[in-house]
Structures are given as C-alpha cells and as structure tokens.
1. Answer yes if at least one residue in the range 150-161 is more than 18 Å from the chain's Cα centre (by Cα) and of a type outside the set (A, V, I, L, M), and no otherwise.
2. Do you know which residues across the range 137-149 are assigned to a loop (DSSP other than H, G, I, E, B) and either within 17 Å of the chain's Cα centre (by Cα) or closer than 15 Å to Gly187 by Cα (or both)?
3. Within the range 219-236, identify whether any single residue is assigned by TED's automatic domain parsing to the domain that holds Val102 and under 27 Å from Arg49 (Cβ atoms), and answer yes or no.
4. Of the residues in the range 1-22, how many are surrounded by 16 or more Cβ atoms within 10 Å (Cβ to Cβ) and not in a strand (DSSP E or B)?
5. Out of the residues in the range 181-197 meeting the condition of being small (Gly, Ala, Ser) and in contact (Cβ under 8 Å) with a residue 12 or more places away in the chain, tell me which one is nearest to Val163 (Cα to Cα).
6. Please enumerate the residues belonging to the range 189-232 that are of a type in the set (Lys, Arg) and not in a loop (DSSP other than H, G, I, E, B).
7. Have a look at Gly67, Gly78 and point out the one that is of a type outside the set (D, E, K, R) and either modelled with pLDDT of 95 or more or over 14 Å from Met31 (Cα atoms) (or both).
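The values are calculated or read from the model by the stated rules, or taken from the named source; none is laboratory data. No experiment lies behind these values; they were computed from the predicted model shown. Here Cβ is always computed from backbone atoms with ideal geometry, including for glycine, and neighbour counts include all displayed protein chains.
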Amino acid sequence: MSDRVIVSVREGVADVRLNRPEKLNALDLPMFQALVEAGRGLARDRSVRAAVLSGEGRAFCAGLDFGSFQAMASAPKGSGPGLLSREGSESPANLAQLAAWVWTELPVPVIAAVHGVAYGGGLQIALGADLRLVAPDARMSVMEIKWGLVPDMSGTQTLRRLVRLDVAKELTFTGRAVEGAEAVALGLATRVEHDPHAAALALAAEIAAKSPEAIRAGKRLLDASGLVSIEEGLQLEESLQRSLLGRANQIEAVQANLARRPARFADPD
C-alpha cells in the first residue's frame, strides 16, 4: 500500500486517509493508484462493515495536481498505465474515474468527512461516498470549468444522483464554491459537523454494530433504485430479503432486540 493513502481497520470500521498534506492531498498518479488499491482491498475484507474517507492536514483534497494534469495531457499512447488506463480493470471506469467510483463499488457504507477544500477531483471522490459530513467552512466546487474541462472522475454520474439537474448544471458551468450549509441545502452533503472526521467515525461505528448482511443489502438496493425498472427493483428487494431471513445474523438481531442487549454479529460469508 502506497503511503499516499493510509488505511487502518478497527472494530469493523476502516479509517481511510488521503496522505499528502503538504499539497492539500492533491491528486497525482500515485494517489490515484493508492485510492484504487485501498478501495479494492477493503472490498475484499469481509471484516469491514463501514469506511470513513478523509484527508490529512488542512483539506480533504484540492483536486488534480498540476503535474498530473500535464502528464495526462501529454502522455503518448503506449507509454504505460496512465490516468486513462483501464488495464486489468473489471470496472467500466478508467484509473482516474475509479479513484472516485471505487467507493461506490464498495459493498459497505462509505462516509466522507470533508474539511478544508474538496475541489474538482477531490469533490468527485467525496461524491463517491454514500454520505458526506462536512465542516461548516468546508468549500466544495466542481472546478473543472476553470481549466476548460468537464468533470471526468465519475462526477457526472454521482452528482446527478444527489442534486437537481439545474443545480448540477449551475455548479458545473460556473465552478463556484459552496460551503457547508449550502452544500447540505443543495444535496451535495448529508449534514454539517464541526468535527466531521470524529462524527464520521462515530456514525461508522453505529453502522458497524448493525447486521452486516442487512447493511450490505440495503446499500445494494438503494444504489439500484432508479437505475433499474420498478419490476427489477421489487424483485431485487424480495430476493435480498429472502437471503436475509432466518440467517444467523438476522436471528441475532431479533434476539438482541428482545433481550435489550448489544448484538454480536458475525462477519458475512
């Protein structure tokens, strides 16, 4: 694991930190690669029940490092894996997109704890999380228009799921930055927290204390809603519910609630 991203797991909660504080966690090629590696590694770890995504230092992520921008624009074809590479990937996303999209593919809930700035690619990474807890003075921007570009790290897919189309267009066309309260009002963020990282860890611990199969099924169902037909959605709901009923963790949830004691759930198979 690259030191660009630090991952620790405790009691089912993965604490994932972008670790380039001297550059406000700006994205270079090693950071892209480390984010993908971290996400894929956590997806394989059945002990992980929730993840918190944050940035070390003064910011969540300031976006693309200018050196990486130049490399992406000038790299000749066949020069090896780059930001647009899909080599060895089963995902429809290229490497740049996957650094953000991999968090949507994680089967467990991901909570982004945003402080400082989340600009451009940094915002798109945060949008890949299921929930976003933001500091009151956090600044979030779809900043690509400043460089004559469009969001290209899966943000056009995730942003549209969160905000109205006209809001998505305004933010994309102007690149203006919004702070915590407005971000919540627009749908970019879940809620404002004065210490988003501590709040995210607490929320992740609460989620990790629930039945892991039910949490995973809930994420899968809600992510599919609106993307499949009503018939397919209802069939998936029934199928996943049947897969939960009578399982050891579902029985434990009932028994723990009746006994008014903390549940003791096993990791999913």
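1. So far as the range 150-161 goes, no, none of its residues is more than 18 Å from the chain's Cα centre (by Cα) and of a type outside the set (A, V, I, L, M).
2. Ala138, Val142
3. no
4. The number of residues fulfilling the criteria is 4.
5. Among them, the one singled out is Gly187.
6. Going through the range 189-232, the residues of a type in the set (Lys, Arg) turn out to be 191, 210, 216, 219-220.
Once the filter is applied, which keeps residues that are of a type in the set (Lys, Arg) and not in a loop (DSSP other than H, G, I, E, B), the range 189-232 yields Arg191, Arg216, Lys219, Arg220.
7. That would be Gly78, the only listed residue that is of a type outside the set (D, E, K, R) and either modelled with pLDDT of 95 or more or over 14 Å from Met31 (Cα atoms) (or both).
Residue-by-condition table, conditions (1) of a type in the set (D, E, K, R); (2) not assigned by TED's automatic domain parsing to the domain that holds Pro109:
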{"site": "Ala177", "(1), (2)": "no, no"}
{"site": "Gly180", "(1), (2)": "no, no"}
{"site": "Val184", "(1), (2)": "no, no"}
{"site": "Arg191", "(1), (2)": "yes, no"}
{"site": "His197", "(1), (2)": "no, no"}
{"site": "Ala217", "(1), (2)": "no, yes"}
